[in-house]
Every structure is written in C-alpha cells, then in structure tokens.
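Written out below as structure tokens is the structure these notes cover.
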Amino acid sequence: MQQDIPVWSETFETGIKAIDRDHKALFEEIGNLADALIKEQGPAEIEQAITCLETYVLEHFRREEGFMIQAGYPGTEEHLRKHRSLERKVKCLRGIHRGGSSDIDPLKLGRFLGNWLTGHILKTDMDYVPYLRGERDDQVPEQTALLNEVNVRVPANKRDVVERFVALLMSDDPMAHEITGLIETFESRLDDQEMAETRKLFCSDD
Ligand SMILES: [Fe+2]
C-alpha cells in the first residue's frame, strides 16, 4: 500500500545541500502522516503529524524563497504562488481533520502530496538551480525582482488614505509587518470552496 506513495530518490537531487535535506525531510513527513492514517492512530497523533508536515512545509518554503530572492531568480513570484497554493491545501487538511472527519484517505493524501512534491521539485525547483549556483547571468537585481507596478483607481476621497497606507506598508515601520500579518491571517481563513476541493483530494469518495 505504502509503496504507492512517492519517496525520495537521487533524481530529486538539486545539489544544493540545504534544499535537498529539506526535500528528503518533506517526503518523510508525508510518509509519517500517511502512516499515522493507515495505522488509524488517534486524533492527537494525526494532528501532530499534520503539524509536523505543515511546520516543515512553511520552514522549507521560506528558506527556498529566501535563496531565490537572494539569487535574483526571475521566476520567484510564480514559484511563490505555487508554494502558497500548497500551504492553503495543508491548512485545509488540518481544518478537515479538526472538523472530526475520519474519512481522510491515506493513499489519496500520500499520492497527492507525494506527486505534488515530485512534480514541484523536478519542474519548478530545478528551474532555479542554475541561478542559485550563480551559473546564469540574467539574474534580476533583488529589488527589481520583487517590485511591481500596481495601478489602482480609487475614489478621490480615498486617494490620500490609500497613498498613506501604501507608504506605511513599504516602510520599515514595525506596523508594516503587523499589517501584512493581519492580511495574511485574514486570507488564511479557510474558504468553503477550497475546503471542498481539498476534501476531494484527500478524502475517500462516497
Ligand atoms: Fe519550491
């Protein structure tokens, strides 16, 4: 049964030690969670396995993102979107589990997460490797890589407050981090549609 769940192999080696170590650990965390579900361990054990996976996913993504930004990798933004999408699915998985659902299918879960990781490493991650190794000379300077032009049409009476808000967000004021955190918390509230999609990915069909 578990042989259906993808595991680490040398094919996934990027040659960047910290990344390879993380990827190996992620395969292990997925395996541990599938294992806890297969063995029908108690809710606390399953919750812990989800927490370990979620923590490692976040830690690894932030590390990888830091490397890409530092290297001026031009595909950083698109890559970040893929990370956020998986983060949301793992969060929904936690929501499904906390909601008392016992129909999370270990095989579906292991296959989806394992295949996601496999595909992500081979296609998306491998693309940044030459940049992280300094083998590409079309790197974009760090700031330019992250700066986008945003055009927003706002009512005249809101223009001033929007401009002040943007200036605050772009500043080093600790409040800017606080606001970003608040927005992220707001966005991470579990969305019904996303929960339903995640349920289809991870739960047994009935
Ligand atoms: Fe990645």
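The values are calculated or read from the model by the stated rules, or taken from the named source; none is laboratory data. Source: prediction; values computed, not measured. All Cβ positions, glycine included, derive from the backbone under ideal geometry; neighbour counts span all protein chains shown.
Within segment 88-109, work out how many residues are within 16 Å of the ligand (Cβ to nearest atom) and either touching a strand residue (DSSP E or B) at 6+ places or on another chain (Cβ under 9 Å) or free of Cβ contacts under 8 Å to residues at least 60 places away in the same chain (or both).
Applying the first criterion (within 16 Å of the ligand (Cβ to nearest atom)) to segment 88-109 yields 88-90.
In the following step, the residues that additionally are either touching a strand residue (DSSP E or B) at 6+ places or on another chain (Cβ under 9 Å) or free of Cβ contacts under 8 Å to residues at least 60 places away in the same chain (or both) were identified as 90.
Count: 1.
Does residue 90 count as in contact with a Gly (Cβ under 9 Å, 6 or more places away or on another chain) and not in a loop (DSSP other than H, G, I, E, B)? Spelling it out, it is not the case that residue 90 is in contact with a Gly (Cβ under 9 Å, 6 or more places away or on another chain) and not in a loop (DSSP other than H, G, I, E, B). The requirement of being surrounded by fewer than 20 Cβ atoms within 10 Å (Cβ to Cβ) and either hydroxyl-bearing (Ser, Thr, Tyr) or under 16 Å from the mean Cα position of the chain (by Cα) (or both) is fulfilled somewhere in segment 36-52, by at least one residue. For residue 73, the test of being in a helix (DSSP H, G or I) and of a type in the set (Ser, Thr, Tyr) is failed.
Among the residues of segment 86-104, is there at least one that is of a type in the set (Asp, Glu), in contact with a Cys (Cβ under 6 Å, 6 or more places away or on another chain) and modelled with pLDDT of 85 or more? Please lay out each step first, then the result.
Step one: list which residues in segment 86-104 are of a type in the set (Asp, Glu), which gives 87, 103.
Narrowing further to those that are in contact with a Cys (Cβ under 6 Å, 6 or more places away or on another chain): 103.
Pick out the ones that are also modelled with pLDDT of 85 or more and you get 103.
Yes; the residues of segment 86-104 include at least one that is of a type in the set (Asp, Glu), in contact with a Cys (Cβ under 6 Å, 6 or more places away or on another chain) and modelled with pLDDT of 85 or more.
The set of residues from segment 49-70 being away from the ligand (no atom under 13 Å from the Cβ) and small (Gly, Ala, Ser) comprises just one member, 49. The sole residue among 39, 82 that is within 16 Å of the ligand (Cβ to nearest atom) and either in contact (Cβ under 8 Å) with a residue 60 or more places away in the chain or under 20 Å from residue 112 (Cβ atoms) (or both) is 82.
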